[in-house]
Each structure stands twice: as structure tokens, then as C-alpha cells.
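The values are calculated or read from the model by the stated rules, or taken from the named source; none is laboratory data. Fair warning: this is a prediction, and the values are worked out from it, not measured in the lab. A quick note on method: Cβ atoms are made from the backbone with ideal geometry, for glycine too, and the neighbour counts reach across all protein chains shown.
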Amino acid sequence: MDNKLIVSQSPHLHAKDNVRKIMLAVIIALLPSLVLSFYFYGIGALVVTLFAVFFAVFFEWIFVKVFLKKEPTIWDGSAALTGLLLAFNVPSNLPVWIIIIGAFVAIGVGKMSFGGLGQNPFNPALVGRVFLLISFPVQMTSWPLAGSSRFVNWHFFPHDPQALVDGFTGATSLGVMKEGLKNGDAMAGIMDKIPTHMQMFYGQMGGSLGEISALLLILGGIFLLYRKIITWHIPGSIILTTVVFSGILWLINPQSYADPLFHLLTGGLMLGAIYMATDYSSSPMSNTGKIIFGIGIALLTIIIRNWGAYPEGVSFAILIMNAFVPLIDRQFKPKLFGKVEKSKQS
Amino acid sequence: MITKKITRLNNKTRESLNKTLNELYNTQNMLKTFPKGGVHPPENKLSADKRIETLEIPKQVTIPLHQNLGAPSKVLVKKKDKVKVGQIIAEAGGFVSSNIHASVSGTVLKIDEITDTTGYKKMAVVINVEGDEWEESIDRSEAIVSEIKLTPEEIVKKTAEMGIVGLGGATFPTQVKLSIPKGQSCEFLIINGVECEPYLTSDHRLMLEHGKELIIGTQILMKALNVNKAYIGIENNKPDAIEYLTELVSNTNNTIEIVALKVQYPQGGEKQLIKAITGREVPSGGLPIHVGVVVQNVGTTYAVYEAVQKNKPLFERIVTVTGKSLSSTGNYKVRIGTSVDLLIEKAGGLPSDSGKVINGGPMMGKALKITDVPVTKGTSGILILKNDEAKRERIMPCIKCSKCISVCPQGLEPYFLMNLADKKMWEDAEKQHNMDCIECGSCSYICPSARPLLDYIRYGKQNVGALIRSRMKR
């Protein structure tokens with residue numbers, strides 16, 4: 001009996017959470033938004049999601065098996081989550097071959113080339129998304145109109161991009177605004193052409209398949225906060241900074257700048273703030289660092305939206321701030337217990 | 001079968017309901033706690049309602065000669081000597097050291113190397129028990145003596161003479177803590193009744209069953225330290241103890257105050273407890289006295305009472321024997337030197353699915369290699385974990401979730417310290433305050449990747465400590 005006892009250092013207890021449960025919880029938090037996108041975009045959203053998740057997991061398996069020759073890591077759930085987030089960031093009518101390329105770039109370039117789980121300096125799903133946005137700008141910005149295309153399935157046919165634009169698609173609210181401002185339209189006129197704030201809040205608008213409903217994304221976020229998977233620091237600072245910065249611009253000139261609520265509800269801001277910027281390995285470690293990171297993302301987003309070439313800037317803003325994370329981590333350390341007192345004494 | 005299941009289910013719901021209610025109560029009353037970090041493992045206080053039982057005297061005891069933090073004690077007896085209960089058998093071997101007394105009467109069988117609870121070989125006095133004859137100087141009556149006759153200096157001397165050490169687990173000699181260095185002064189005494197370790201209940205039972213003695217012990221310590229204010233910190237999961245002691249101190253003119261604390265591990269850590277109660281922060285690398293506070297455990301306070309008022313040396317202590325798989329858990333008054341095997345037998349024997357036997361609590365206790373080791377002054381509990389509870393989970397890569405940072409009560413970055421230790425970058429580890437770690441284990445507990453953070457930080461502490469010492473020599 002005696003020599004059977006396990007001897008190891010304390011602590012002898014371990015919390016119930018593990019990587020897989022965390023990844024699973026994030027996926028659960030995303031489910032309501034996913035279901036809504038099935039409702040609005042129908043079979044298209046389903047096809048995009050399935051392909052993105054399957055190929056993200058597939059490429060992870062290939063990379064680990066063939067190149068790294070290690071134990072398979074696909075069961076930790078992180079690849080599936082990356083695939084799901086990639087799907088959330090693309091239009092629901094995206095051809096499958098583009099999705100496969102996106103999954104390859106997200107997992108291969110964004111994650112595995114840096115060493116896999118926990119090593120990626122950039123959010124892998126966003127690396128995939130931005131790669132697709134730059135490589136396939138037309139397909140990536142032809143948004144199907146919510147509810148109009150439930151049973152249309154164009155994924156498997158080689159298609160003429162022009163047909164897409166003419167058929168059931170339209171621009172996002174942000175796209176409409178950018179185009180309108182370029183043509184010199186007044187803000188009030190532009191606002192008439194796009195969904196109301198309430199419609200945007202529950203998701204009746206064009207956009208990537210997972211970003212449309214602020215309501216459901218916030219619900220998922222509350223679940224993640226309750227499960228202590230994310231802290232309020234990153235989403236909180238992004239949302240607050242967005243409101244303050246866009247609010248100042250709006251107060252200065254409501255004719256050329258949209259109101260803060262519009263900025264909060266459109267595009268990928270909620271998705272980015274709650275699910276993308278909080279990606280563990282590409283966000284800062286300390287709470288102060290997280291707040292700085294969030295402020296940077298919000299500032300960059302509003303700058304790109306108002307003065308950049310693209311109508312939407314959340315993905316770029318997050319990737320740019322990802323690059324600053326090592327610097328932020330170096331600069332902003334947690335406060336040491338008993339540090340202040342000592343400096344006072346000496 | 002089904003009824004069993006239903007009761008289990010019932011218990012489970014009741015437990016979770018209690019927990020929620022407790023949490024609600026905590027938040028509503030805004031109970032004090034330390035502000036940063038901490039975790040809340042399942043409390044599992046299985047033996048909380050078991051009265052303290054006196055364990056029968058064994059046939060033989062093995063009393064190690066090094067039971068305190070600091071220098072080992074010097075043996076005073078030799079083979080075949082007759083000893084009485086409470087007779088001094090080893091004297092302090094330095095300033096930070098303590099006396100050791102015989103816990104039984106009988107004949108010294110041998111003075112030999114044995115394996116103690118730390119797993120290392122140490123010298124010990126083995127005594128064959130003959131009867132139970134106590135030193136005449138010990139007052140064995142049940143009467144509670146409340147008048148404190150000794151002067152402060154005499155109290156400190158008495159604690160040294162009676163071999164009192166910190167019974168919370170650190171076993172720091174009490175007389176050293178009570179001797180305030182020149183230039184420092186003590187404002188508050190804090191009695192630590194937190195017992196934040198899951199499973200352990202010995203302090204809880206002590207507060208309930210020896211509350212009166214505890215209050216007198218507190219007054220003795222206050223006299224020794226020359227302070228007018230003492231706090232007794234108790235976590236809110238012991239409402240009966242809080243209520244009872246609050247009632248007892250009602251006539252002390254508010255010189256002793258009971259502070260109910262929010263349940264949060266590691267609140268029993270000195271620095272965290274001081275911060276929670278007084279709001280003062282012990283400076284990095286400093287001691288509690290630097291902010292005018294001395295902290296003593298309730299067990300120690302009780303031992304001080306017995307030493308000063310009853311002239312009784314520290315030769316027995318209360319030990320919790322607990323574990324989910326044990327057929328009976330309990331709190332026992334045990335003579336120092338009793339084999340842990342006997343305690344386990346008392347609890348119905350070691351279940352066959354046992355994976356770990358721990359000396360102390362599950363968060364900071366030490367896993368035993370063998371169970372035939374003696375109970376020492378620092379043994380607050382014997383915890384048996386089942387095989388599946390004891391096994392460590394598979395280590396995954398760090399996902400940089402920063403949970404270790406958010407739970408660290410000392411404001412460190414455990415993941416970073418682990419990386420530095422892995423790369424043996426000791427200078428950098430020192431700059432990252434590796435030495436400030438209190439080894440509470442919250443980081444390893446919370447890590448979703450089950451990384452052995454504290455193991456590496458300990459490794460770092462050893463090496464950074466060596467680095468600092470070598471620098472001081474130069």
C-alpha cells in the first residue's frame with residue numbers, strides 16, 4: 001500500500017475548468033447568434049459554418065500529424081472555435097473554396113506556424129478573415145440581405161461575382177454610410193436607407209453571418225463573464241471608448257459622423273469586443289494592459305470607419321493591437337502586493 | 001439504491017443552495033476580505049460537527065527533534081532514561097528554535113534517524129509508553145483560569161520554555177514572534193481563526209469547544225505585546241464560531257473584536273489577513289511587525305493559554321482526520337509523536353482507492369510518502385484523497401488566459417515566473433519578485449491547462465534565494 005501513494009507538491013486540488021471546457025463554453029456562448037444567422041440566412045449560413053469548422057479542425061489535424069508529428073490536439077476544441085469564429089466573420093454566401101482557403105490561412109498561418117495553441121500572436125480567425133478580405137474583396141463584401149435568401153444555395157457553383165451583387169445582396173449599414181458620405185449625402189438621409197437601431201440591435205441587417213445581432217452576442221458575453229472565462233476589461237474598454245470617441249465626433253458634427261449607438265450596433269464591433277479581442281493568447285495578461293488594449297482597438301476602429309478606405313475596421317484594429325501585446329505586457333504589470341508601502345518607507 | 005441516490009441528490013442541491021445563499025449573504029453584507037486574487041475551492045468541511053475526541057495514548061511515540069521553523073532542538077535525554085509527560089527532552093538549538101517535551105511517560109528506547117512528515121530523515125526520540133504519569137507542575141484541572149498573573153516578559157519566557165510554536169502549519173517559534181525588535185512597535189494583535197484550507201476543521205472545533213480559553217489566551221498575548229486591540233478573524237463559513245465568540249467578547253470593552261470574513265482562499269495567509277482586517281499592506285519582503293501587527297493562530301493562542309495559565313508544555317495538539325473516502329472523519333486531540341497510521345486506523349483504515357495522504361490541507365499540505373510517520377507540532381490535519389482526486393491532470397500548453405495573474409494574491413505573474421524558471425533565468429526571476437510568492441497554490445489550482453506553476457516557482461525561489469545569499473557573502 002505504502003509505495004502506491006502519490007507524492008507531489010501542493011496544491012493537491014485543481015479547479016474543474018480545463019482548456020476544452022473553456023473552448024466549449026465560448027462555442028456555447030456563440031450558439032444563439034449562430035441559430036439566428038440560420039434563421040436569417042438559411043442554408044447558406046449552415047454550409048459556411050460547417051465547412052469552416054470542419055476544415056479548421058482538419059487543417060489542425062494535418063499540421064500536427066504530418067508536420068509536427070505530435071499527439072493530435074483537435075480535441076481541445078480550439079480549432080473548432082477558430083473555425084466557428086471565421087465563419088462568423090464572413091458573408092453567408094461565400095463560396096466553399098474560399099472558406100477552405102480561409103480555414104487554411106487561419107489555422108496554418110495564424111496558429112500552427114507560431115507553434116499551435118497559446119502561441120499565436122494574432123487572432124487566427126481574423127488572420128484568415130483579413131487574408132480573404134484582401135484576396136477576394138468582391139465575394140467578401142457581398143452581403144446577402146437578411147431573410148431574403150434562406151433557400152438559395154450558390155456555394156457549390158462557380159459563379160460570376162456580378163450576379164451576386166445584383167441578386168439578393170446589399171451593402172452593410174457601414175458600407176451604405178461610407179458610400180453616402182463619399183457622395184456628399186446628409187447623415188439624416190443615409191440613416192433612412194439603413195435598418196433602424198432597434199433592427200440592428202436584434203440583428204435584422206446585412207453583414208457577416210455571426211456579427212448581426214448585438215443582443216444575442218451580448219447575451220453570450222454575459223454567459224462568458226458569469227463563467228469567468230473573460231473579464232470585463234477588454235469588452236468594457238472597447239465599448240466605452242467607442243461610445244466616447246464616436247460620441248465626441250458626433251457632437252462636433254452630426255452631419256458627417258454617425259451617432260455612438262450606430263457604431264456600437266453595426267459591423268463586427270460587438271463580435272470583436274466580446275469574442276475576438278478577448279482571444280487569450282493574442283491579448284494582454286494584466287488588467288491594466290487589457291484596458292489599454294481595448295482603448296486602442298476602439299480608437300483604431302472608429303478611425304478606420306470614419307477616415308479609412310474600408311467601411312469596417314474592427315478586424316484590422318484588433319490585428320494591429322495584437323501586434324502591440326508583447327509591448328503592453330512588458331509595460332503594464334499587475335500591482336505587486338506591498339510595493340507602494342516599501343517605496344514610501346525607503 | 002434509488003433512495004440513496006435521492007439523498008445524495010438532495011444533499012447536492014442543499015449544498016449548492018447553501019453555497020448560493022452564503023454567497024448572497026457575503027455580497028450583501030460586504031464582508032471584509034483581501035482585495036486582490038484568491039480562489040474558492042469546494043470547502044468540504046466534512047468533520048465540522050465532530051467534537052474533539054482524545055485519542056488513546058499509543059504504545060510508542062516517536063518525537064522528532066526538529067519540529068519548528070529554524071534550528072533543530074538539542075536532545076537532553078539518552079537511551080533508557082525514564083521520562084514523564086511534559087518533561088523537557090530537547091532544548092532550543094538557537095534563537096529561532098524551540099524546546100520539545102515528552103508527550104508520554106515511559107522509557108527512552110532509542111534516539112535514532114526516522115522519516116518524518118516531510119519525507120526526510122531526521123533524528124527523533126523514541127519512547128516506549130508506560131502508564132500516563134504527568135509532571136507535577138502541570139495543572140490538570142478542568143477549571144478555567146482567567147487571571148493573568150505573569151508580566152509580559154514572563155509570558156514570552158514561558159512560551160519559549162513550554163515549546164510553543166505556530167500551530168497553523170508554519171511552526172514558527174512563538175517567543176520570537178512575541179519579541180518585538182527594537183525600533184518597531186505593535187499596534188494590533190490578530191488571531192487567525194480563518195482556517196481557509198478546505199477540509200480542515202481543527203481550528204473551527206477549537207473555537208467552539210475552547211472559546212473561553214481562547215479569549216484568555218488572546219488577552220495573554222495582548223499583555224505580552226502591550227497592545228489594547230485584538231481582532232479575531234473568522235471566515236463566514238463558520239457562523240456558529242463567529243456567533244459564540246462574539247458573545248464571549250461582549251464584556252471585553254471592545255478590546256477584542258470578532259471580524260467575520262468573506263470565504264476566500266488564501267485568507268489565512270498572514271499578509272492577506274492583515275490586509276483584510278486592517279487594510280494595511282505588509283511591504284514586499286517585510287514582516288507583519290513592519291505594519292505594527294502580530295498574527296497568531298487560534299491553536300497557538302490556546303496553547304499559550306495552557307502554557308501560561310496551566311503550566312502545560314506543547315505536547316499534544318488537535319488534528320483533523322478527513323477525506324471523502326474515509327468511513328469516519330473526526331477531530332482528535334493527539335499526543336505529539338503518535339503515528340499517523342493510528343489516526344488513519346481510527347478513521348476506519350486507509351481505503352484501498354487512496355491516492356494521497358496529506359499532512360495538512362489540500363492547498364498547502366505535504367503529501368506523505370509513507371503513513372508510519374509521527375504527528376508533529378505542525379500537523380493540523382491528515383487528509384486522504386482518492387486516487388482520482390489525487391492524480392494530476394495532463395499538462396497542456398499555456399493558453400495565456402491570465403487566470404493565474406488574476407488569482408495571485410501577491411500580484412505576481414505566475415506563468416511568466418514559470419517560463420523564467422524553465423529557462424533558468426534567475427536574475428530576471430528575482431526582478432519579477434519570485435521571492436514574494438507565498439506558495440498558496442492558487443495559480444496551479446486555477447490553471448485550465450493544469451500547468452505546474454507553483455512547482456516551477458518553488459524551484460525559482462530556491463535558486464533566486466541561493467543567488468541572493470551568494471551575493472550577500474560577496
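Working only within the range B:431-445, note down all residues that are more than 7 Å from chain A (Cβ to nearest Cβ) and assigned to a loop (DSSP other than H, G, I, E, B). Walk me through how you get there before you give the answer.
Going residue by residue through the range B:431-445, those that are more than 7 Å from chain A (Cβ to nearest Cβ) are B:431-432, B:434-435, B:437-440, B:442-443.
Result: B:Q432, B:C437, B:I438, B:E439, B:C440.
The listed residues are B:S380, B:S402, and the only one of them that is on the phi > 0 side of the Ramachandran plot and buried (at least 22 other Cβ atoms within 10 Å of the Cβ) turns out to be B:S402.
Filter the range B:33-54 down to the residues that are within 18 Å of the chain's Cα centre (by Cα) and either among the basic types (K, R) or not in a loop (DSSP other than H, G, I, E, B) (or both) and list them by number. Hits for the range B:33-54 are B:K45, B:I52.
Selection within the range A:106-131: residues that are surrounded by 23 or more Cβ atoms within 10 Å (Cβ to Cβ) and β-branched (V, I, T). The member of this set that is farthest from the chain's Cα centre (by Cα) is A:I107. Of all the residues in the range B:358-371, those that are within 7 Å of chain A (Cβ to nearest Cβ), in a loop (DSSP other than H, G, I, E, B) and under 26 Å from B:L453 (Cβ atoms) number 6. Is it the case that some residue within the range A:46-68 is more than 14 Å from chain B (Cβ to nearest Cβ), surrounded by fewer than 23 Cβ atoms within 10 Å (Cβ to Cβ) and among the basic types (K, R)? Yes, the range A:46-68 contains a residue that is more than 14 Å from chain B (Cβ to nearest Cβ), surrounded by fewer than 23 Cβ atoms within 10 Å (Cβ to Cβ) and among the basic types (K, R). For B:D455, the stated conditions do not hold, so it cannot be described as under 28 Å from B:T322 (Cβ atoms), more than 7 Å from chain A (Cβ to nearest Cβ) and either out of contact with any Phe, Trp or Tyr (no Cβ under 9 Å at 6 or more places or on another chain) or modelled with pLDDT of 95 or more (or both).
Restricted to the range B:383-399, and to residues there that are at pLDDT 90 or above and over 28 Å from A:G115 (Cα atoms), the residue that is surrounded by the fewest Cβ atoms within 10 Å (Cβ to Cβ) is B:K386.
If you take the residues of the range A:1-40 that are part of a helix (DSSP H, G or I) and closer than 22 Å to B:G360 by Cα, which of them is nearest to the other protein chains (Cβ to nearest Cβ)? Walk me through it before giving the result.
First, pick out the residues of the range A:1-40 that are part of a helix (DSSP H, G or I): A:2-4, A:19-40.
Next cut, closer than 22 Å to B:G360 by Cα only: A:2-4.
Working: A:D2: 5, A:N3: 8, A:K4: 8 Å.
Once the filter is applied, the top-ranked residue is A:D2.
B:G355 passes every criterion in (1) within 14 Å of chain A (Cβ to nearest Cβ); (2) buried (at least 24 other Cβ atoms within 10 Å of the Cβ); (3) of a type outside the set (A, V, I, L, M); (4) assigned to a strand (DSSP E or B) apart from (2). Is it the case, given these coordinates, that A:I134 is more than 18 Å from the chain's Cα centre (by Cα), surrounded by fewer than 23 Cβ atoms within 10 Å (Cβ to Cβ) and not in a loop (DSSP other than H, G, I, E, B)? In short, no. If a residue must be of a type in the set (D, E, K, R) and either more than 14 Å from chain B (Cβ to nearest Cβ) or within 19 Å of A:I292 (Cα to Cα) (or both), how many such residues does the range A:216-247 contain? The total comes to 0.
Scan the helices (runs of 4 or more DSSP H) fully inside the range A:202-282 and keep the ones with 1 or more residues being more than 16 Å from the chain's Cα centre (by Cα) and closer than 30 Å to A:V47 by Cβ. Don't jump to the end; show me each part of the working.
Numbers: elements: A:214-226, A:233-252, A:260-265.
In the range A:202-282, A:214-226 are the helices (runs of 4 or more DSSP H) which contain 1 or more residues that are more than 16 Å from the chain's Cα centre (by Cα) and closer than 30 Å to A:V47 by Cβ.
Within the range B:323-352, the set of residues being within 13 Å of chain A (Cβ to nearest Cβ), touching a residue at least 60 places away in the same chain (Cβ under 8 Å) and not hydrophobic (A, V, I, L, M, F, W, C) comprises B:G323, B:K324, B:S339. For the criterion of being outside any loop (DSSP other than H, G, I, E, B), hydrophobic (A, V, I, L, M, F, W, C) and within 11 Å of another protein chain (Cβ to nearest Cβ), B:L385 passes.
Tell me yes or no: at least one residue of the range A:171-187 is of a type outside the set (D, E), surrounded by fewer than 15 Cβ atoms within 10 Å (Cβ to Cβ), part of a loop (DSSP other than H, G, I, E, B) and in contact with a helix residue (DSSP H, G or I) (Cβ under 8 Å, 6 or more places away or on another chain).
Here is the first cut: in the range A:171-187, the ones of a type outside the set (D, E) are A:171-178, A:180-184, A:186-187.
Filter again for surrounded by fewer than 15 Cβ atoms within 10 Å (Cβ to Cβ), leaving A:182-184, A:186.
With part of a loop (DSSP other than H, G, I, E, B) added as a condition, the list becomes A:183-184, A:186.
Imposing the further condition that a residue be in contact with a helix residue (DSSP H, G or I) (Cβ under 8 Å, 6 or more places away or on another chain) reduces the set to none.
Checking the range A:171-187: not a single residue is of a type outside the set (D, E), surrounded by fewer than 15 Cβ atoms within 10 Å (Cβ to Cβ), part of a loop (DSSP other than H, G, I, E, B) and in contact with a helix residue (DSSP H, G or I) (Cβ under 8 Å, 6 or more places away or on another chain).
Within the range A:307-322, at least one residue is modelled with pLDDT of 90 or more and within 14 Å of chain B (Cβ to nearest Cβ). Consider B:S402 carefully, then state whether it is closer than 22 Å to A:K21 by Cβ, at the interface with chain A (Cβ under 7 Å from one of its Cβ atoms) and among the polar types (S, T, N, Q). In short, yes. Among the numbered conditions (1) over 30 Å from B:P448 (Cα atoms); (2) part of a helix (DSSP H, G or I); (3) not acidic (D, E), the only one that A:S92 does not meet is (2). For B:I468, are the conditions met, namely being surrounded by fewer than 24 Cβ atoms within 10 Å (Cβ to Cβ), more than 12 Å from chain A (Cβ to nearest Cβ), out of contact with any His (no Cβ under 8 Å at 6 or more places or on another chain) and in contact (Cβ under 8 Å) with a residue 24 or more places away in the chain? Yes.
Among the strands (runs of 3 or more DSSP E) confined wholly to the range B:197-297, which include 1 or more residues that are within 14 Å of another protein chain (Cβ to nearest Cβ)?
Details: elements: B:229-235, B:256-261, B:293-297.
So the answer is B:293-297.
Can you name every residue in the range B:78-96 that is of a type in the set (V, I, T) and under 21 Å from B:T115 (Cβ atoms)?
Scanning the range B:78-96 gives a single hit, B:I89.
Take B:D428 and decide whether it is touching a residue at least 12 places away in the same chain (Cβ under 8 Å) and either more than 8 Å from chain A (Cβ to nearest Cβ) or over 20 Å from B:P198 (Cα atoms) (or both). In short, no.
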